[in-house]
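Trainee: Input: one structure, supplied below.
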Amino acid sequence: MTIIYEPKGKALEYSPLAINLYNGCDHACKYCYCPGIFRKTLENWSKESAPRKNILAQLEKSAAKYANDPREILFSFTSDPYQNDTAAKLTREALLICEKHNLRCQVLTKNGMAATKDFDIIKRNDWKFGSTIIFKSESLREEWEPGAPSIESRIEAVKIAHSMGIYTWVSIEPVVDAGEAISVIKELKPYVSFWKVGKINHFPTVEKIIDWHKFLVDAESALAGSSFYIKKDLEKFRVK
Ligand code: SF4
């Protein structure tokens, strides 16, 4: 896989191009699909997290190849670009390389407060700041995203980005509690430019207890007046 790459399948619903600077992710989310892709346990996936070898030198070459490409590059599908201080420094360097080659970037993180240090770059390039916030409850956060920063800090970062005039988007996926997801929409609606809403897959115990049609109806009602995209997995539950 080249450093900047074109995702396939469901990932295309998120971004036409993407980049992954790391192998592994400290956040250790219980629902993370990456350990399965890379044939690791979640424990190994999170404990062995490290930057990819010679990543910035490789990015220089890849960015030159894609120079001036108008398609957005997502940081990242298979790790959080701000998962720790080392990752945050690397991400800043990577964003600067992309800026030099006139590329367009969007970041997606659960550590929004670390990303605020890059809001200068994001703002001056009209890039996008995204955060995954699927519930408001800290106990759910501890259960499902044990290594990730608090929900409060993510909400604060979205508000800071919005106050700076940065385009903000929030990913509501995976949904582990429908009511909590709707609460996030209601609280953050004034601060979010765009929403992406999905469901949960590969977790039958959660999947079967949520009424997905009702969630779809409730989410669209809560999102009235906002810009949003319903992911195909959830869209299937629309009653025609
Ligand atoms: S933040 Fe994303 S990549 Fe990191 S463990 Fe959680 S789901 Fe996986």
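Trainee: Working carefully through the options 65, 123, find the one that is over 18 Å from residue 28 (Cα atoms) and loosely packed, with under 15 Cβ neighbours inside 10 Å.
Mentor: Details: 123 fails: loosely packed, with under 15 Cβ neighbours inside 10 Å.
That would be 65, the only listed residue that is over 18 Å from residue 28 (Cα atoms) and loosely packed, with under 15 Cβ neighbours inside 10 Å.
Trainee: Taking the range 199-224, which residues are basic (Lys, Arg) and surrounded by 14 or more Cβ atoms within 10 Å (Cβ to Cβ)?
Mentor: In the first step, residues of the range 199-224 are kept if they are basic (Lys, Arg); the result is 199, 208, 214.
Passing the criteria: only 199.
Trainee: Another question, if that's okay. Taking the range 77-89 as the region of interest, how many residues are within 15 Å of the ligand (Cβ to nearest atom) and either under 11 Å from residue 21 (Cβ atoms) or not in a loop (DSSP other than H, G, I, E, B) (or both)?
Mentor: Matching residues across the range 77-89 total 9.
Trainee: Something else: Out of 91, 78, which single residue is out of contact with any His (no Cβ under 9 Å at 6 or more places or on another chain), over 24 Å from residue 164 (Cα atoms) and among the hydroxyl-bearing types (Ser, Thr, Tyr)? Spell out how you get there, then give the answer.
Mentor: Numbers: 91 fails: over 24 Å from residue 164 (Cα atoms).
Criteria check complete, one pass: 78.
Trainee: Scanning for something within 22 Å of residue 88 (Cβ to Cβ), in contact with a strand residue (DSSP E or B) (Cβ under 7 Å, 6 or more places away or on another chain) and of a type in the set (Val, Ile, Thr), does the range 44-57 turn up at least one residue? Explain how you work it out, then say what you get.
Mentor: The initial filter retains those residues of the range 44-57 that are within 22 Å of residue 88 (Cβ to Cβ), namely 45-57.
Okay, now just the ones that are also in contact with a strand residue (DSSP E or B) (Cβ under 7 Å, 6 or more places away or on another chain), so 49-52.
The next check asks that each one be of a type in the set (Val, Ile, Thr); those that pass are none.
No: the range 44-57 contains no residue that is within 22 Å of residue 88 (Cβ to Cβ), in contact with a strand residue (DSSP E or B) (Cβ under 7 Å, 6 or more places away or on another chain) and of a type in the set (Val, Ile, Thr).
Trainee: Please give the number of the condition residue 10 fails out of (1) more than 13 Å from the ligand (Cβ to nearest atom); (2) part of a loop (DSSP other than H, G, I, E, B); (3) more than 21 Å from residue 93 (Cα to Cα).
Mentor: (2)
Trainee: Return the only residue of 183, 131, 221, 139 being more than 16 Å from the ligand (Cβ to nearest atom), among the small types (Gly, Ala, Ser) and in contact (Cβ under 8 Å) with a residue 12 or more places away in the chain.
Mentor: Working: 131 fails: more than 16 Å from the ligand (Cβ to nearest atom); 221 fails: in contact (Cβ under 8 Å) with a residue 12 or more places away in the chain; 139 fails: in contact (Cβ under 8 Å) with a residue 12 or more places away in the chain.
Step by step, each of 183, 131, 221, 139 is checked, and only 183 is more than 16 Å from the ligand (Cβ to nearest atom), among the small types (Gly, Ala, Ser) and in contact (Cβ under 8 Å) with a residue 12 or more places away in the chain.
Trainee: As an exercise: evaluate residue 105 against (1) within 16 Å of the ligand (Cβ to nearest atom); (2) in a strand (DSSP E or B) and give the number of the one condition it does not meet.
Mentor: (1)
Trainee: Considering each of 82, 22, 31 in turn, give the residue that is touching a residue at least 60 places away in the same chain (Cβ under 8 Å), crowded, with 19+ Cβ neighbours inside 10 Å and aromatic (Phe, Trp, Tyr). Break it down stepwise before answering.
Mentor: On the way: 82 fails: touching a residue at least 60 places away in the same chain (Cβ under 8 Å); 31 fails: crowded, with 19+ Cβ neighbours inside 10 Å.
So the residue among 82, 22, 31 that is touching a residue at least 60 places away in the same chain (Cβ under 8 Å), crowded, with 19+ Cβ neighbours inside 10 Å and aromatic (Phe, Trp, Tyr) is 22.
Trainee: Counting just the residues of the range 56-76 that are within 16 Å of the ligand (Cβ to nearest atom) and not hydroxyl-bearing (Ser, Thr, Tyr), which one comes out nearest to residue 150 (Cα to Cα)?
Mentor: Looking only at the range 56-76, we keep the residues that are within 16 Å of the ligand (Cβ to nearest atom), and these are 74-76.
After this cut, where a residue has to be not hydroxyl-bearing (Ser, Thr, Tyr) as well, the list is 74-75.
On the way: 74: 22, 75: 20 Å.
Among residues in the range 56-76 that are within 16 Å of the ligand (Cβ to nearest atom) and not hydroxyl-bearing (Ser, Thr, Tyr), the one nearest to residue 150 (Cα to Cα) is 75.
Trainee: State whether one or more residues within the range 88-109 are out of contact with any helix residue (DSSP H, G or I) (no Cβ under 8 Å at 6 or more places or on another chain), without any contact (Cβ under 8 Å) to a residue 40 or more places away in the chain, hydrophobic (A, V, I, L, M, F, W, C) and surrounded by fewer than 22 Cβ atoms within 10 Å (Cβ to Cβ).
Mentor: Within the range 88-109 (the criterion being out of contact with any helix residue (DSSP H, G or I) (no Cβ under 8 Å at 6 or more places or on another chain), without any contact (Cβ under 8 Å) to a residue 40 or more places away in the chain, hydrophobic (A, V, I, L, M, F, W, C) and surrounded by fewer than 22 Cβ atoms within 10 Å (Cβ to Cβ)), the answer is no, since none of the residues qualifies.
Trainee: Moving on. Of the conditions (1) touching a strand residue (DSSP E or B) at 6+ places or on another chain (Cβ under 8 Å); (2) in contact (Cβ under 8 Å) with a residue 40 or more places away in the chain; (3) exposed (fewer than 15 other Cβ atoms within 10 Å of the Cβ), residue 227 fails just one. Which one is it?
Mentor: (2)
All of the numbers you see were taken from the coordinates with simple rules; none came from a lab. Since this is a predicted model, take the numbers as computed values, not measurements. With ideal geometry, Cβ positions are generated from the backbone for all residues, glycine too; neighbour counts draw on all protein chains shown.
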